[in-house]
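These notes concern the structure reproduced below.
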Amino acid sequence: MADFQRVAVLGAGVMGTGIACHLANAGIPSLLYDIVPPDGQGSRTALAERAIGAAAKDKRTPPLFRPSDAALITPCNYDDHAELLASCDWIVEVVVERLDIKRKVYAWVASNRSPDSIVSSNTSGIKLADMAADMSPEMRRNFLVTHFFNPVRYMRLLEIVVGDDTDPAVADKVAQFCDHTLGKGIVWAKDTPNFVANRFGIYGMASVFRHMRETGLTVEQVDAIFGQAMARPKSAVFRTADVVGLDTLKHVFTNLYEYTEGDDEREIFQLPEAVDQLLAAGRSGQKSKTGEGFYKKVKQDGKSVILSVDLATMEYTPAEKVRYPSTGAARKAGKTGGPAAAVAAAVQGDDDAAKAAWRVTADTLIYTAKRIPEVADDVVNVDRAMRWGFGWDLGPFEAWDAIGVGESVARMQAEGRTVPSWVTDMLEGGRTSFYDRDGSGVPTYWKQTGGADAVPHPDGQLFLRDVVAQGGEIEKNGGAGLLDLGDDVLCLEFRNGTALNALNQDIIKMYHRALDLLDAGPWQALVVGNQHARAFSAGADLQGIGMAIHMKAWDQLDQQIKTLQDLVMRAKYSPRPVVTTPHGMVLGGGCEVAMHSAMAVATAETYMGLVEAGMGLLPGAGGCKELVIRYLGDVPQDIDYDPNPFVQKAFERIGNARPAAGAGQCRDWGFLRPGDRVSMNIDRQLFDAKQAALGLAVSGYVPPAKRTVKLPGPTGAAAIELFLYQMQEGGHITAHDAVVGKQIARVLSGGDIPWGTVRTEQDLLDLEREAFLSLAGEAKTQERIMHFATTGKILRN
C-alpha cells in the first residue's frame, strides 16, 4: 500500500535521516534536504550526503535494512533543488525545534510545493496551531504533525496530531500509509505539550527524581526497580536517559514546564538540578565525547567497569549490584505469569523498592487519568503510546488493571490521594477494570465519559488472543493450540512462551495433528505462528536434547531428530499450503520450521539463522539441506557447474552461527525466498499470512517437486577444511569449532561421493542426522550445551 510515490524530508539530522532511511526500507524514494554547507567544504549537498553515508555504514543500530537501500535517498539542498519539491506528494519537516526556523521553512515549502501535497512536522512538542498560523487555508488543510520516535526503524510509535483545519481524509491517508507501508503503530494525540508518550514518560521520570530526593535512592537502585522488574526495558530510567541524551532530556523538561501553565502539577517539570550539573560538565550521556552521563564505562585492570554518578556529590563510584526481595519476586512472577504478574508483585512488597515502585506508579496513574481527554481521547491511545514509544510491556491503564483497580484506588485514597472521578465512577458502576471482554469475547475499554466501547483496531489486524476468547480454539496441549481463523484456514499457535517457543514435544505433536486435520479437510490451508513479543521460535528443545545426551540415549535422540525432519518435510510438501510467520528470533530449529513451508510471511524485524554451531552442533532438522538446496536447487542439472562457491557460501551462513538481521538480509542470505512476503507492521502479519494462504489455496495450489542437487563430495569439503585449518592456526576459532565445521562441510558437500553426484533431500537429511549425533557425543559439545543451559551464554571452548 504505497499511497506516496516520493517523499521529501527536510533536515538531514538524526531524525530526518532516520525517516528517509525507513522510507527506503519500505521501497519509497525520498529527497533528503539540508542547507548548503556554510564552510564551503565538499559539495553543495555535502550535509545530506554525509548523513546518508553514515547511515549506510552504521552497524551498531542500522537504520537501513540493507546498506544498498540508501540508493533510494537523493541528497538535496534548499537552494539548488527547490523545484524538485513539487515532485513530492508528502513533505516531512524535521528541522531544529525553533518556531521561527520552522516558519521560514514552511514559507519555502509554500513557494515550491505542488498544490494538495501533504505537509507534516516531526516536532516533538511545538503546537501545531503555532506552526500553521501563517499558512494558507489550502496548506493548513494539508498540514498535520507526524511525530516519529528515534530510532525510526525500530520504534513503532507514530503520534499523529491534527489541527482544526486539517482535512480528516489527509490524516487518514497518512495514518494508513504509515501503518501499512512503514509498519508504525498509530496514536492519535491532541495538540498539547509533548503530546502523549513524552508527556507521561517524562512525568514518570520527574516523579522518580522527586522520590529519590525524599528517599535517597541511588541511580542504580532506581534502574533496578523501574526496569525489567516493572515489565519495562532493562535500560529503565537513567540508562535510557544516557542513550537519549541529557540535552534532549533537558529540552523536553523545559518545553513541558514552559507550556503547561494550566497543569496543577507543573512544578514537577522543573529540570532536575542533577541534569543541569551533568550538562554543565559536558556529561550529556552516550553521545558525549567521553560517553559520560548518569553512568560511564572505564577500564580497570584491563576490564570494563561501569560507574554511576552519586547525585549528592556528582562524583562517579562503582555501580553496585542491587538486589531487593520485591524486585526478585517481580522477576520470578513475570517469568511464569507475564508482565501483569510482574507489575502486581513489584508494588506489593514492603521493602524500599516496592515502596518506591508504588509511589511512582500511583503518581503516574493518577496524573495520566487526570489528563484524559486533554492529552488523548482514551486509555487505548495512552497505553499504546507508552508501549510503542517507551517500550513498556504494559501501558499505564493495563498496569492499573494488573495491580487491581479497586484495591489500588482504596490504597490511594487511604494515603490521601485524589483519584479522578471517572475512575471511581467506573468502580461504583460495577466495572472493575479498564479493559474487559463483552459476552461475545470482543475486547472493550472503559471511556472517560462513561460506558464501554470496543477496543479499536485498523482493518487487517488479527490477534490470536481474540480468536481464542471468541471460541475459535479447537484443541490445545501444554505447548501449542489449534485455532480456526475462519474461511477454512487453520492456525497452529506455539505457546511455549517462557522458553521462547522452543520446539518441545507438545509443539511437535500438535504440528503433526494440524497436518492430519489439514489432510482430512475441510481446511484449505494452515498458518503456523504465534504472537510472542520476542520469538517465533528460538530453536529446538535444548533441555530435552541435553537430557538425552546425558543419559546416552542415542537411539532416542536419533528418533527425536528423525521425527522433526519428517515433520518439516511433511509441511513443505503438504498437498495443501502451509504458511509460516517468522518474526523476532527465528533461530536453529525455529528457522528450519519457518523455511519448510509453501510460503513464509515474515515481519520486517525478523532475526533468522541456523546458529547451532555455537552449541557445538549443526542444523539437524533440514537446515543444512534446505539452505544448500536453495542455493543450488534451481540450477539445471544438465549444466556443468562448479557447486563449490554455493556450498562455501552455505557453510559461511551456518558456520558463523550468526542470524540475518532483518527481513532484507534474511532474503539476501536465503532464509527467505524471493516469493516470501514481508509485513512491515507486526500486527498485520497473521492477517497477511491468512490472506496469502487463502490465495495459494484458491489458485489451485500444487506442492513443489522434490529437489535434487549436484554436490562436490570430499573435494568440496577439503577446501572448507583448509579454510578451517587457517582460521584455527590464526587463533580465530577453537579446535572444537574446527571439528564442528568439518561436519557441516561434509553434510553440505554431500558426504563421501564422487564429484558431481546428484543427492536427494533425504540423502542430506540422513547426513545431517548422522553428523548431529556424532557431534552430540563430543565432550566439548556437551560442555557448551551445559554452559548455555546454566548461564544463557555461548561457550567457545
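A few remarks follow.
- Subtracting the Cα-Cα distance of A414 and W554 from their residue separation scaled by 0.36 nm leaves 44.1 nm.
- The chain: angle of helix 505-520 to the longest principal axis, Cα-based, in degrees nearest 10: 80 degrees
- The largest-to-smallest principal axis extents of the Cα set in region 654-797 are 54, 43, 26 Å.
- Cα-only Debye scattering, region 113-238: base-10 log of I(q)/I(0) at q = 0.09, 0.10, 0.13, 0.15 Å⁻¹: -0.36, -0.43, -0.64, -0.77
- Pairwise centroid distance, computed over Cα atoms, of region 683-699 with region 142-173, Å: 29 Å
- Scattering profile of region 264-378 at q = 0.17, 0.21 Å⁻¹ [log10 I(q)/I(0), Debye over alpha-carbon scatterers]: -1.10, -1.09
- Gain on full stretching of the segment that runs from R213 to D3 - 0.36 nm per residue minus C-alpha separation: 70.5 nm
- Here's the picture: charge each Lys and Arg Cβ at +1 and each Asp and Glu Cβ at -1 in the chain, and of A56, L128, F209 the one pushed furthest to the positive end of that dipole is A56.
- Sequentially through region 399-409, phi angles give Karplus couplings (6.51, -1.76, 1.60; θ = phi - 60°) of 5, 4, 4, 5, 5, x, 5, x, 5, 6, 5 Hz, Gly and Pro residues having no value and appearing as x.
- FRET efficiency for T424 and F463, using Cβ-Cβ distance with R0 set to 35 Å, rounded to 0.05: 0.70
- Centre separation in Å (Cα based) which lies between region 394-439 and region 54-75: 46 Å
- Angle in degrees between helix 46-57 and the longest Cα principal axis of the chain, rounded to the nearest 10: 40 degrees
- Options (1) 45.3, 146; (2) 30.7, 98; (3) 28.2, 85 - which one matches Rg and Dmax of the Cα atoms in Å as calculated here: (3)
- Mean Cβ count within 10 Å, highest first, over the residues of peptides 139-150, 102-113, 410-421: 139-150, 102-113, 410-421
- Lysines with Cα under 25 Å of K296, excluding same-chain neighbours fewer than 8 positions away: K59, K234, K250, K287, K321, K793
- Dividing the mean sequence gap of close Cα pairs (under 8 Å, 6+ apart) by how many residues the chain holds gives a relative contact order of 8 percent.
- Å² per residue, accessible surface of the chain at 1.4 Å: 41 Å²
- Rg/Rh ratio calculated on Cα atoms of region 61-139 (Kirkwood radius): 1.00
- Here's the picture: a label point sits 7 Å out from the Cα of A110 along the beta-carbon direction, and within region 126-143 the residues with their amide nitrogen under 19 Å of it are 127-143.
- Rounded if a/c under 1.5, otherwise prolate or oblate - region 204-347, Cα gyration tensor axes: oblate
- Applying D = kT/(6 pi eta Rh) to region 440-512, where Rh is the Kirkwood radius over alpha-carbon pairs, T corresponds to 20 °C and eta to 1.002 mPa s, the Stokes-Einstein value obtained is 152 µm²/s.
- Shape of region 576-712, Cα gyration tensor, a/c cut at 1.5: oblate
- Solvent-accessible area, 1.4 Å probe, carbon plus sulfur percent, for region 315-394: 50 percent
- Inter-label distance, D172 to D488: 3.4 nm, where each label sits 7 Å from its Cα along the C-beta direction.
- Tail weight of P(r) past 22 Å, computed on alpha-carbon pairs of region 338-420, percent: 22 percent
- The calculated FRET efficiency for the pair K335 and E138, based on their C-beta separation and a Förster distance of 56 Å, comes to about 0.50.
- Label-reachable residues, region 704-743, where backbone N falls under 12 Å from a point 7 Å from D752's Cα toward its Cβ: 714
- Placed amide H near V528: partners under 5 Å, 5+ positions off or other chain: L492, V579, T580, T581
- Magnitude of the charge dipole, the chain, Cβ model with Lys/Arg +1 and Asp/Glu -1, debye to 20: 1740 debye
- The angle separating the long axis of helix 554-572 from the principal Cα axis of greatest extent in the chain is about 70 degrees.
- Paired Rg and Dmax values of region 678-742, which use every Cα atom, in angstrom: 22.1, 57
- Cα shape, region 637-727, gyration tensor, a/c 1.5 rule: oblate
- On region 156-229, 48 percent of the accessible area sits on carbon and sulfur atoms, based on a 1.4 Å probe.
- Potential lengthening between V739 and R658 on full extension [0.36 nm per residue; Cα-Cα distance subtracted]: 27.4 nm
- Considering helices alone, the calculated mean residue ellipticity of the chain at 222 nm is -13500 deg cm²/dmol, with DSSP H runs of length four and up weighted by -39500 (n - 2.57) and normalised per residue.
The values are calculated or read from the model by the stated rules, or taken from the named source; none is laboratory data. Note that the structure is predicted; figures quoted are calculated from it, not measured. Note that we place each Cβ from the backbone using ideal geometry, even for glycine, and neighbour counts take in every protein chain shown. Only protein heavy atoms, including side chains, enter the accessible area calculation; ligands, DNA and RNA are left aside. Shrake-Rupley method; radii C 1.70, N 1.55, O 1.52, S 1.80 Å.
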